[in-house]
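The values are calculated or read from the model by the stated rules, or taken from the named source; none is laboratory data. Keep in mind the model is a prediction, meaning the values are calculated, not measured. Virtual Cβ from ideal backbone geometry, glycine too; neighbours counted across all protein chains shown.
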């Protein structure tokens, strides 16, 4: 799946990690559950609870880890 042109909704199990590369401007929303998000080059990590959203600021690698069973919505810039 090319996240530059498609949006995705994924179920993540506790501890499961997904990596996004060069995803600056992509919207990440926790639909339910809790997500830990870290962006290469950023000094701060983020925890997203159900309904919370973050727009990725970094061009580097972004890691998203489920802290519990979670559903995440990922939308590239043109859909955000």
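Checking the structure you have, find out if any residue of region 40-50 is surrounded by 14 or more Cβ atoms within 10 Å (Cβ to Cβ) and at pLDDT below 95. The answer is yes, given that some residue of region 40-50 is surrounded by 14 or more Cβ atoms within 10 Å (Cβ to Cβ) and at pLDDT below 95.
Matching residues to (1) in a strand (DSSP E or B); (2) at negative phi; (3) touching a residue at least 12 places away in the same chain (Cβ under 8 Å); (4) touching a strand residue (DSSP E or B) at 6+ places or on another chain (Cβ under 8 Å):
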site	(1), (2), (3), (4)
14	no, yes, yes, yes
19	yes, yes, yes, yes
25	no, no, yes, yes
31	yes, yes, yes, yes
35	yes, yes, yes, yes
42	no, yes, yes, no
51	no, no, yes, yes
59	no, yes, yes, no
62	yes, yes, yes, yes
